[in-house]
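The values are calculated or read from the model by the stated rules, or taken from the named source; none is laboratory data. This one's a predicted model, so the numbers in the text were calculated from it and none came from an experiment. We place every Cβ from the backbone using ideal geometry, glycine too, and count neighbours over all the protein chains shown.
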Amino acid sequence: MTDSSFMLEALELAKKGQFTVQNGVCVGCIISKDKEILGQGWYEYYGAPHAEIRAIESIKEKYKENFKEVLSGSTLTVTLEPCSTFGKTPPCLDEILKYNFKKVIIGALDPSQSSVEKLKSAGIEVLLEEVPNDLNKGFFNSLLHKRPYVRAKIAMSEDQKTSFIKNDQQWITCKESREDGQKYRALSDLILTGSGTIERDDPFLNVRDEEILKLKGFQQPARGIITSSKLETSLNFFSGQGKKYIFCKDQNIFKNFQKEEEVSILEIKNNDDNKIDLKELLKKIHSLKVNDILLESGPTLTTSFINQDLIDEFIIYIAPKMLSNTALSFFDGDQSKSPFNSKQFQLIEESKIKDDKKLIFKRI
C-alpha cells in the first residue's frame, strides 16, 4: 500500500465516529511500516482516547514486549493534525514524541494547534496530504468564521410547498425519506427550530434511528427553539435526554423552566425589525461550543436564515406531488437567494428515495 492509500483508510476510520463525537472532531489514524499496517484507531466518542493514542495502544496490545521496536521507524498517518494542547484528554503530541516515528503524514492542519513545528524539531519528517472530504466542516467553520455550520433540512412538494395551511396533515415525503433525515440529526450538535413548528407539529426533534442509538458513546444532540411566546413544559421538545435551549428576547416569561437542569434560557438581542437577531444568535450558539446546527423549521424562520445568508447547506427531499394553495412555500423571499437559483450554491448530490427525490446544495 502507498501513503495515499493509508490516508484513505484513515479517513474511513474517521467516519466511524461521525455520529458519536458530538462537539469534537472525526479523526482516523494508521501506523504503518514497509507498506503494511501495524496498528490503527479512530476517535470513537467525545471524551474517548484520541485516534493516535488508540493506534499506538493497538500496537502495544499486539506486540507486547517489543512494541517500541515495532514503532521505531514507522509512519503515523492521521486525518487531522495531532493536538498539542490539553482538552478533554492530554495532548496526543506528547505520546507521539515518546516513540521514534520516522514520518507523520497529516490530512488537514488544525489552526488551533501547533504540532507540526514540534514534530519537525524532534527530527520527524512531516508531510501534508490533503484529501477532499466532508468531515469536520462545522469544526473548521467555527475556527475560521466564529460561527457554526448550518444545514437546513426541508421536505417539500414539487411546487416547493412545505408547510400545510391546515393542521389536518403532517407528512409530505415518504417514511424512507424521513428515516434518511435522521442521520443529519445525529451529525449535528444542535437541532434548531422555531415556535411555529413546535406549536403546529409538537415534534420531539431527537434521533430515533435504532442503529445509531446502539453506537457506543452516542448522545442525543441538543435541541434549540427560537421563540418569544410562552411554552408549556409538556411539549415533546422538552421530553427525553439531551440539553435544551430556549433562545428568546426576554427570559422573564420562561420562569417555569428555571429549575429544569437540562433547559437553558438565553436572551438574544433584537434586530431592527424587533425580531431575534439571527447573527447574534449564531454568535451565542458558537460560544456554547456548538459546531454543527441542523435547522428544521417552517418557512418563516427558514426564509429569515436564507435572506441573511446564514445557511451553508440544504438537504431537500421532494415528494412527487403538487400542494398548490393547501400549503406554504418553503421560502418567501428574494428568489435569487433560493438554493435552486442562487449562484452561491452548488448541487452536489441528487438521488432517489423510493418516489422522492433528494437534493443537497452546498455553499460554494
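Scan region 145-165 and tell me whether some residue there is more than 20 Å from Arg363 (Cα to Cα), out of contact with any His (no Cβ under 8 Å at 6 or more places or on another chain) and of a type in the set (Phe, Trp, Tyr).
yes
Looking at Glu262, Glu232, Glu280, can you tell me which residue is out of contact with any helix residue (DSSP H, G or I) (no Cβ under 6 Å at 6 or more places or on another chain) and free of Cβ contacts under 8 Å to residues at least 12 places away in the same chain? Please lay out each step first, then the result.
Working: Glu262 fails: free of Cβ contacts under 8 Å to residues at least 12 places away in the same chain; Glu280 fails: free of Cβ contacts under 8 Å to residues at least 12 places away in the same chain.
Sole residue among the options that is out of contact with any helix residue (DSSP H, G or I) (no Cβ under 6 Å at 6 or more places or on another chain) and free of Cβ contacts under 8 Å to residues at least 12 places away in the same chain: Glu232.
A quick yes/no check of all residues on (1) in a loop (DSSP other than H, G, I, E, B); (2) of a type in the set (Asp, Glu); (3) touching a residue at least 24 places away in the same chain (Cβ under 8 Å):
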{"residue": "Phe331", "(1), (2), (3)": "yes, no, yes"}
{"residue": "Ser336", "(1), (2), (3)": "no, no, no"}
{"residue": "Pro339", "(1), (2), (3)": "yes, no, yes"}
{"residue": "Leu359", "(1), (2), (3)": "no, no, yes"}
{"residue": "Lys362", "(1), (2), (3)": "no, no, yes"}
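Checking the conditions here, which among Ser177, Ser188 is in a loop (DSSP other than H, G, I, E, B) and in contact with an Asp or Glu (Cβ under 9 Å, 6 or more places away or on another chain)? Working first, answer last.
Working: Ser177 fails: in a loop (DSSP other than H, G, I, E, B).
Checking each option against the conditions leaves just Ser188.
From Lys183, Lys166, grab the single residue that is outside the structural domain of Glu52 (by TED's automatic domain parsing), charged (D, E, K, R) and modelled with pLDDT of 95 or more. Working first, answer last.
Details: Lys166 fails: modelled with pLDDT of 95 or more.
That would be Lys183, the only listed residue that is outside the structural domain of Glu52 (by TED's automatic domain parsing), charged (D, E, K, R) and modelled with pLDDT of 95 or more.
Name every residue in region 30-71 that is charged (D, E, K, R), farther than 21 Å from Gly217 by Cβ and out of contact with any Ser or Thr (no Cβ under 8 Å at 6 or more places or on another chain), in order of residue number. If you could, list the steps in order and put the result at the bottom.
Step one: of region 30-71, the residues charged (D, E, K, R) are 33-36, 44, 52, 54, 57, 60-62, 64-65, 68-69.
Filter once more, keeping what is farther than 21 Å from Gly217 by Cβ: 33-36, 60, 62, 64-65, 68-69.
Across region 30-71, the qualifying residues are Asp34, Glu36, Lys60, Lys62, Lys64, Glu65, Lys68, Glu69.
Counting only residues that are at pLDDT below 95 and among the aliphatic types (A, V, I, L, M), which one in region 206-242 is surrounded by the fewest Cβ atoms within 10 Å (Cβ to Cβ)?
Of everything passing the filter in region 206-242, Leu235 is surrounded by the fewest Cβ atoms within 10 Å (Cβ to Cβ).
Given the conditions (1) farther than 27 Å from Lys183 by Cβ; (2) in contact with a Cys (Cβ under 9 Å, 6 or more places away or on another chain), report the number of the one that Glu36 does not fulfil.
(2)
Residues that are more than 14 Å from Thr79 (Cα to Cα) and modelled with pLDDT of 95 or more: does region 24-32 have at least one?
For region 24-32, residues more than 14 Å from Thr79 (Cα to Cα) and modelled with pLDDT of 95 or more: present.
Can you report the number of residues in region 341-357 which are under 24 Å from the mean Cα position of the chain (by Cα), without any contact (Cβ under 8 Å) to a residue 24 or more places away in the chain and more than 24 Å from Gln182 (Cβ to Cβ)? Step through it out loud before you land on a result.
In the first step, residues of region 341-357 are kept if they are under 24 Å from the mean Cα position of the chain (by Cα); the result is 342, 344-353, 357.
From what is left, the residues that are without any contact (Cβ under 8 Å) to a residue 24 or more places away in the chain are 342, 346-352.
Applying the additional criterion that residues be more than 24 Å from Gln182 (Cβ to Cβ) yields 342, 346.
Total meeting the criteria: 2.
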